[in-house]
Every structure is written in structure tokens, then in C-alpha cells.
Ligand SMILES: NC(=O)c1ccc[n+]([C@@H]2O[C@H](COP(=O)([O-])OP(=O)(O)OC[C@H]3O[C@@H](n4cnc5c(N)ncnc54)[C@H](O)[C@@H]3O)[C@@H](O)[C@H]2O)c1
């Protein structure tokens, strides 16, 4: 893939990407690896992760494969410990993993509602907590509870969606989770300011990934028409925005914000 920033902009950094086996998570892992980061690729299935790792192109450092279910406290605790054993620093966390279980409220089961919240909101919380608990907070304590001014890049990028603000029929669970993730982003930015972690979210519009598979051709055409730019994004477009948020040269003074990447579908 083409560079977005300078060569090796993230060399020496370790970034965890959840949902990295396909779609946007894979594109984010690819873009970070292309810029020199060691990427820890997290997803449900070890086989799919190995296959995804084999498709990563021009990585300066071989990505790690860390299978974990983001809804499992045990898995997430172990995944973060595994990354720290391999490389005793974590610079970035990108919480991408997600699912949909679309149906209108009258037909929605509590089980599906809870599962969608557990993956998006619960997974974001668990990874955020564990990276801070196992790594950033101990650094802060060792620094006499003083802000970390070591100049290292530290950041979180959470995944919201345009539908958090715009609503979407069939997605009461998904839109609730995404709205909550935007709030979680602001609270985490406040709590982690002493760790000098920039915490932001991205809210994409429609993106051409397996998540859109059920929408059908007519639905995709309607989505394109709803944007000002007349198209659905590719995963690489969203990954490029993540690269800009991750880079302290581009976004070093930005924290607690939600970046809209929706082609003008919604303007707030
Ligand atoms: N595609 C879009 O149009 C769109 C729009 C706005 C926001 N988003 C958000 O972007 C993110 C990525 O979406 P995508 O389109 O790439 O989806 P996708 O379905 O292509 O990929 C999601 C990945 O998450 C993984 N995953 C699901 N549950 C998991 C779990 N419990 N533990 C670990 N991994 C798990 C899946 O295995 C899959 O590899 C999601 O948070 C989604 O809500 C997508």
C-alpha cells in the first residue's frame, strides 16, 4: 500500500487493533504496519488471523497474532499480557471489533441486544481498562503520579458510526453502543490525560466491508446517494483517517473528539 505519512512514522511503537481479521480492522492493521508499527492483530479466530497476517504487505515488523473474544474479560486480560510479554510497551489501541444483529425493536431479542452491546461497548471498555491497568497506570505510578512527559506517542481510537447521531432502523443496540462509545471516549480522554494518552473516536459512514453484505445493491446505491461525495468508503479510506489520528504530528493537540468520516452523509 502507499504511504500516508513518512516512511517508518510509527517505528518502535506497538499498536493493538481489534477486529483485525477483515474489513476496516485489517485495513487499519495494514496501514499501521506499513508505517513501521508492530501491530498486535486481535480477532476471534486464530486461523483467520494467521491468514490475515499473511496478507499484510510491506510490514517493517512482523505483526503479532493474538486471538481473543473482546467480550471475555479473561481473554482480554490475557491478550494484553501477551502483547506486553512480546514487547514491553503499548503505544496505541484501536478498538474496531464489531457485529450487527439488525431487527426492529418489536422483534429484537434481549440476547441479541446484549450481545451487540457486549462486543462494541464491553469490548472497548475491557481493552481500554486492561491496557491502562497493566501498562499505562503503572507507568504513571512509577512516575510519582505525575503526568507522563516522556514524549512517547500514546493514543486510543474508538469506533463509533454515523448512525450514533443519525439513528438507523433495526439498530437500536448498535446505535446505543456507538453513542455510548462516543461518551466513553470523552470520559477516557479525561481519565487518561495524566498518562498523556490522546483518546479519540472515528464515526464512519457506510464502508465497503462484509458488515454491509446484507444491505443489497439497491441499499448501497441509496447510501451512495445520501452522501455528498456520491460513494461508499473503502476500508483503506477509514484506515487513512485513523493513521492521521494516531500520528502525533497530525493530531498531537486533539483528544476527546469524534472524527466524522461519512462523505457528508451527516453534518453536525
Ligand atoms: N462497515 C461499515 O459500514 C461501518 C460503518 C460505521 C462503523 N463501522 C464500524 O467499524 C468497525 C469495523 O466494521 P467492519 O465493517 O470492518 O466489520 P466486519 O464485520 O467486516 O469486521 C468486524 C471484525 O470484528 C471481529 N469480531 C466480531 N466480534 C468479535 C469479538 N467478540 N471478539 C473479537 N473480534 C470480533 C469479526 O470477527 C470481524 O473480523 C465496527 O466497529 C463497525 O461498527 C462500520
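Values quoted throughout were computed directly from the atomic coordinates according to the rules given, and no laboratory measurement underlies them. Here the structure is a predicted model, which is why all the values come from computation and not from measurement. Counting neighbours? That spans all protein chains shown, and the Cβs are built from the backbone with ideal geometry, glycine included.
Things worth noting here:
- Inter-label distance, nm, simple model (7 Å from Cα along the C-beta direction), residue 250/residue 146: 3.3
- For the chain, the Stokes-Einstein estimate of translational diffusion at 20 °C and a viscosity of 1.002 mPa s comes to 115 µm²/s, using the Kirkwood hydrodynamic radius over alpha-carbon pairs.
- By the count of neighbouring beta-carbon atoms within 10 Å, fewest first, 266, 195 end up ordered 266, 195.
- Relative contact order (%) - the stretch 175-268, alpha-carbon pairs under 8 angstrom, separation at least six: 41
- 10 Å-binned pair-distance histogram of the stretch 1-97 (Cα, whole percent): 19, 54, 25, 2
- Note on residue 7 and residue 81: their simple-model spin labels are 4.0 nm apart, each label 7 Å out from Cα toward Cβ.
- GNM result for the chain, Cα springs below 10 Å: residue of 194, 25, 92 fluctuating most strongly: 194
- Across the stretch 14-261, C-alpha contacts under 8 Å between residues 6 or more apart give a mean separation that, scaled by the residue count, equals a relative contact order of 19 percent.
- Estimated at 0.36 nm per residue, the fully extended path between residue 45 and residue 213 surpasses their Cα-Cα distance by 58.5 nm.
- Most mobile listed residue (129, 55, 190) in the chain, GNM with C-alpha springs under 10 Å: 55
- By the count of other C-beta atoms within 10 Å, a proxy for reagent exposure, 26, 140 are ordered fewest to most as 140, 26.
- Of the beta bridges in the stretch 1-154, as assigned by DSSP with both residues counted there, near 0 percent are antiparallel.
- Inter-centroid distance (Cα atoms) of the stretch 70-106 relative to the stretch 164-232, Å: 17
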